[in-house]
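Shown next, in structure tokens, is the structure this report addresses.
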Amino acid sequence: MNDELRTGIVERKTKETDISIKLSLDGRGQASISTGIGFFDHMLTALSVHSGISMDIKVKGDIEVDCHHTIEDTGIALGQALSMALGDKSGIVRYGTAYIPMDESLAAASLDISNRPYLVFNCEFTNQSCGDYDLCMTEEFFRAFAFNAGITLHINLLYGTNDHHKCEAVYKAVAHAMKAAVAYNSDGSTLSTKGVL
């Protein structure tokens, strides 16, 4: 793969959101995030820094309604940008798994960059929200992201009591799984018995 191809740029504008994303797989996790939802910015920053994937994300959404459109549409656009950056997905490790503790909480994520999108999400939160971020939107974000990136993604929150810690552990677990999966493999081959992903 050519490093120059490991960049994805997506502009997505609807009646509900206006999104601009630039993503670089080899950008060393530099994050510039602005969605209008403080806790979501915090989670996306963690996703960028811990994955080593640089993300420049600017979102204007109808947050006067609620956070749903902003978060889901960001997942769509981010997934599209990742898919663009990966190109034909040749030469990557493809699989990644990570267990991440956050104080009393423990989350696990396993993913396969497979072109077969799927989400398994086993996470329970106690409260409705963290700040202006509805915790139920965590599943919606990762579903939109996985389906638009072509990723099979399994997320399990094993335990925890503090919802901030639980949610952050989830995002960081996905980040570390992604970091492993998008890395170059040893010989540049496509890791598939089919020869293509």
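From the list 112, 134, which residue is at pLDDT 95 or above and farther than 21 Å from residue 7 by Cα?
134
When the residues of segment 114-125 are narrowed to those that are closer than 17 Å to residue 171 by Cα and touching a Lys or Arg at 6+ places or on another chain (Cβ under 9 Å), which ends up surrounded by the fewest Cβ atoms within 10 Å (Cβ to Cβ)?
124
Could you list, in sequence order, the residues of segment 12-29 that are free of Cβ contacts under 8 Å to residues at least 12 places away in the same chain and either β-branched (Val, Ile, Thr) or closer than 19 Å to residue 84 by Cβ (or both)?
Residues of segment 12-29 free of Cβ contacts under 8 Å to residues at least 12 places away in the same chain: 13, 15.
Matches in segment 12-29: 13 only.
Give segment 28-40 a look and list any residue that's assigned to a helix (DSSP H, G or I) and surrounded by fewer than 18 Cβ atoms within 10 Å (Cβ to Cβ), or say none.
Restricting attention to segment 28-40, the residues satisfying the condition of being assigned to a helix (DSSP H, G or I) are 38-40.
Listed by number, the list holds a single entry, 38.
Among the residues of segment 135-150, how many are touching a Pro at 6+ places or on another chain (Cβ under 6 Å) and either within 14 Å of residue 44 (Cα to Cα) or surrounded by fewer than 22 Cβ atoms within 10 Å (Cβ to Cβ) (or both)?
Of segment 135-150, the ones touching a Pro at 6+ places or on another chain (Cβ under 6 Å) are 146-147, 150.
Now restrict to residues that are either within 14 Å of residue 44 (Cα to Cα) or surrounded by fewer than 22 Cβ atoms within 10 Å (Cβ to Cβ) (or both): 147, 150.
Result for segment 135-150: 2.
Being of a type outside the set (Val, Ile, Thr) and in contact with a helix residue (DSSP H, G or I) (Cβ under 7 Å, 6 or more places away or on another chain) is the filter here, so list the residues in segment 147-165 that pass it.
First, the residues of segment 147-165 that are of a type outside the set (Val, Ile, Thr): 147-150, 153-154, 156-160, 162-165.
Within segment 147-165, 147, 148, 149, 150, 153, 157, 160 qualify.
Could you grab me the full set of residues in segment 84-119 that are of a type in the set (A, V, I, L, M) and in a strand (DSSP E or B)? Explain how you work it out, then say what you get.
First, pick out the residues of segment 84-119 that are of a type in the set (A, V, I, L, M): 84-86, 92-93, 98, 100, 102, 106-109, 111, 113, 119.
Correct list: 92, 98, 100, 102, 106, 107, 108, 109, 111, 113, 119.
When the residues of segment 162-197 are narrowed to those that are of a type in the set (S, T, N, Q) and more than 18 Å from residue 39 (Cα to Cα), which ends up modelled with the highest pLDDT? Full working, then the answer.
Taking segment 162-197 as the starting set, the residues that turn out to be of a type in the set (S, T, N, Q) are 162, 185-186, 189-190, 192-193.
Restricting the remaining residues to those that are more than 18 Å from residue 39 (Cα to Cα) gives 185-186, 189-190, 192-193.
Numbers: 185: 87, 186: 76, 189: 66, 190: 63, 192: 61, 193: 58.
Among residues in segment 162-197 that are of a type in the set (S, T, N, Q) and more than 18 Å from residue 39 (Cα to Cα), the one modelled with the highest pLDDT is 185.
Being surrounded by 17 or more Cβ atoms within 10 Å (Cβ to Cβ) and part of a loop (DSSP other than H, G, I, E, B) is the filter here; which residues of segment 10-27 pass it?
Scanning segment 10-27 gives 25, 27.
List the pairs whose first member sits in segment 83-98 and is within 27 Å of residue 157 (Cβ to Cβ), whose second member is in a loop (DSSP other than H, G, I, E, B), and whose Cβ atoms are under 6 Å apart, counting only residues at least 6 apart or on separate chains?
83/150; 93/183; 93/185; 94/191
Whether any residue in segment 127-145 is assigned to a strand (DSSP E or B), over 26 Å from residue 11 (Cβ atoms), in contact with a Gly (Cβ under 6 Å, 6 or more places away or on another chain) and in contact (Cβ under 8 Å) with a residue 24 or more places away in the chain is what I want to check.
Kept after step one, since they are assigned to a strand (DSSP E or B), are these residues of segment 127-145: 129-130, 133-134.
Of the ones still in play, those that are also over 26 Å from residue 11 (Cβ atoms) are 129-130.
Those left that are additionally in contact with a Gly (Cβ under 6 Å, 6 or more places away or on another chain): none.
No, segment 127-145 has no match at all.
Every residue in segment 146-192 that is under 16 Å from residue 106 (Cβ atoms) and not in a helix (DSSP H, G or I), please.
Taking segment 146-192 and keeping what is under 16 Å from residue 106 (Cβ atoms), we get 154-177.
Scanning segment 146-192 gives 154, 155, 156, 157, 158, 159, 160, 161, 162.
Hey, can you tell me all the residues within segment 52-77 that are touching a residue at least 40 places away in the same chain (Cβ under 8 Å), among the small types (Gly, Ala, Ser) and touching a Leu at 6+ places or on another chain (Cβ under 9 Å)?
The one that is touching a residue at least 40 places away in the same chain (Cβ under 8 Å), among the small types (Gly, Ala, Ser) and touching a Leu at 6+ places or on another chain (Cβ under 9 Å): 52.
Conditions first: (1) among the polar types (S, T, N, Q); (2) within 18 Å of residue 163 (Cα to Cα); (3) surrounded by 17 or more Cβ atoms within 10 Å (Cβ to Cβ). Residue 48 passes all but one, so which condition is the exception?
Checking residue 48 against (1) among the polar types (S, T, N, Q); (2) within 18 Å of residue 163 (Cα to Cα); (3) surrounded by 17 or more Cβ atoms within 10 Å (Cβ to Cβ), the one that fails is (2).
The values are calculated or read from the model by the stated rules, or taken from the named source; none is laboratory data. Since the model is a prediction, treat every value here as computed from it, not as a measurement. No Cβ is skipped: glycine too gets one built from the backbone with ideal geometry, and neighbour counts run over all protein chains shown.
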